[in-house]
Amino acid sequence: MRLKAILDCDPGHDDALAILLAAHHPALELLAITTVSGNQSVEKTSLNALKVCSLAHIFDVPVAKGMPQPLIRSARYAAEIHGESGLDGPALPDPLFSLVPTHAVDLMIDLFLHSADDITLIATGPLTNVAAAMRKEPAIIPRIAGITLMGGAIGIGNTTPASEFNIWVDPEAAAIVFESGCPLTMIPLEVTHKALATPSVFQRLTTAHKTITTFVYELLTFFADTYHTNFGFAAPPVHDPCAVAYLIDPTLVTTKLMHVDIETTGTWTAGRTVCDLYGQSTLPSNVNVGYTLDSGRFWDLMLDTLMTYD
Ligand code: RIB
Ligand code: CA
């Protein structure tokens, strides 16, 4: 039985890989792609989602545009990592299809309220759409089978010393989601920093001579440059497909159930995922937090799925 999923994302180089993995792996049935303001404006992340789907001939998944800025805070982008387009590097043709007219939040609500089957939400951007949907229609909360999100950090952040980008952009939205009671799996930087696109990954991409592997090669080449410039990484971490891969094969990630709070008021710590690793808060556990990754099997899964594209 294929797992039904919605992918909420902000493409974004690594979001593009998440789309390609979620749309083609046989374990998943991707019902919709929803876009959010994050790595770039929601106009740009939406256009990028359409371009990636068009290039990959993913024509059976509706793409819906979502929230243009965080619930309370102003929009903040990551052009230094993803470029002005949000997907700098490869030259992508214009999209072959358009966004659906439904707002992403309304599409999420409709799918969760009216689907006969369980639906899992994969979130690889700021949680603005997810929180807005929960607030607009709280009846969806018990109908969400689970949320697997790329975001947060047990230790050091990547946008501030305290915070990871997806949570930092919209801490208030993250707090709503983390306090919702939905079954949550958080794939933090401790996991995704093990999903490095090393030279052997680039080598495996070059031997395929496919449109999609050439696209990914060019995507990761740009991503490698910005990650080296901004963080000194020798190889770039592809964060977002880790959340999809976990849903496909949970044995790829070791997780620990714990209580996690979201800091929303700290001057220096807003957007921090406060992970109660040792149970010191005595508060009930609300999140399954990943902390290791079998990177070899992750890349086998990612690359094998890319090879299924024409
Ligand atoms: O911190 C990494 C996350 O922020 C990834 O989802 C990346 O795409 C950016 O959105
Ligand atoms: Ca992302």
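Note down the nm distance, to one decimal, between modelled labels 7 Å out along Cα→Cβ at THR229 and at ALA145.
About 4.1 nm separates the two model spin labels.
Near the amide H of GLY146, under 5 Å away, which other amide H atoms are found, from residues 5 or more places off or on another chain, if H is placed in the peptide plane?
Those qualifying (amide H under 5 Å, at least 5 residues apart or on another chain) are LEU121.
Tell me whether region 201-259 comes out rounded, prolate or oblate; compute the Cα gyration tensor, take square roots of the eigenvalues as a ≥ b ≥ c, and use a/c under 1.5 as the rounded threshold.
Oblate, since a/c reaches 1.5 and b/c is not below a/b.
Quick one: accessible area per residue over the chain, 1.4 Å probe, rounded to a whole number of Å²?
That works out to 39 Å² per residue.
Just flag the chymotrypsin sites (Phe, Trp or Tyr not before Pro) in region 245-291 sitting in loop per DSSP whose Cβ has no more than 10 other Cβ atoms within 10 Å.
Passing both the DSSP loop test and the Cβ count: TRP268, TYR278.
When we measure straight from the Cα of LYS4, which aspartates and glutamates land under 13 angstrom away, once same-chain ones fewer than 8 places off are left out?
Straight-line reach from LYS4, under 13 Å: GLU29, ASP117, ASP118.
Using a probe of 1.4 angstrom, how much of the accessible area of region 164-294 is carbon and sulfur, in percent?
Whole-percent figure for carbon plus sulfur exposure: 57.
Residue by residue through region 295-310, which ³J(HN,Hα) values in whole Hz follow from phi under the Karplus form 6.51 cos²θ - 1.76 cosθ + 1.60 (θ = phi - 60°), with glycine and proline marked x?
5, x, 6, 4, 5, 4, 4, 5, 6, 4, 5, 4, 5, 7, 7, 5
Gap in Å between the Cα centre of region 155-191 and the Cα centre of region 193-265?
Cα centroid to Cα centroid, the span is 17 Å.
If you filter region 85-186 for chymotrypsin sites (Phe, Trp or Tyr not before Pro), then keep DSSP loop positions with at most 13 other Cβ within 10 Å, what is left?
In loop regions of region 85-186 (DSSP not H, G, I, E or B), the sparsely surrounded chymotrypsin sites (Phe, Trp or Tyr not before Pro) are PHE97.
Where q = 0.13, 0.14, 0.19 Å⁻¹, what log10 of I(q)/I(0) comes from the Debye formula for region 1-120, counting one point per Cα?
Relative scattering, expressed as log10 I(q)/I(0), comes to -0.48, -0.56, -1.01.
Mind jotting down the three principal axis lengths of the chain based on Cα atoms? Whole angstrom, largest first.
53, 42, 39
From zero outward in steps of 5 Å, how is the percent of C-alpha pairs of region 185-301 spread across the bins?
2, 11, 17, 17, 18, 15, 9, 6, 4, 1, 0
Could you give me the ³J(HN,Hα) list for region 204-216, computed from phi with Karplus coefficients 6.51, -1.76, 1.60 and θ = phi - 60°, whole Hz, x at Gly and Pro?
Couplings: 5, 5, 5, 7, 8, 6, 10, 3, 6, 6, 5, 4, 5 Hz.
Provide the gained length on full extension for the span LEU277 to GLU43, in nm with one decimal, where the gain is 0.36 nm per separating residue minus the Cα-Cα distance.
Stretched fully, the LEU277-GLU43 segment lengthens by 80.4 nm.
Toward the positive end of the charge dipole of region 153-310, about the Cα centre and with charges on Cβ (Lys, Arg +1; Asp, Glu -1), which of PRO236, TYR246, PRO161 goes farthest?
Of PRO236, TYR246, PRO161, it is PRO236.
Please list, in chain and number order, the residues 5+ apart from ASN286 or on another chain whose amide H is under 5 Å from its amide H, with Hs placed from the backbone.
It is MET258, HIS259, VAL260, by chain and number.
The values are calculated or read from the model by the stated rules, or taken from the named source; none is laboratory data. None of these values were measured; they are calculated from a predicted model. Neighbour counts run over all protein chains shown; Cβ positions are idealised from the backbone, glycine included. Only protein heavy atoms, including side chains, enter the accessible area calculation; ligands, DNA and RNA are left aside. Shrake-Rupley method; radii C 1.70, N 1.55, O 1.52, S 1.80 Å.
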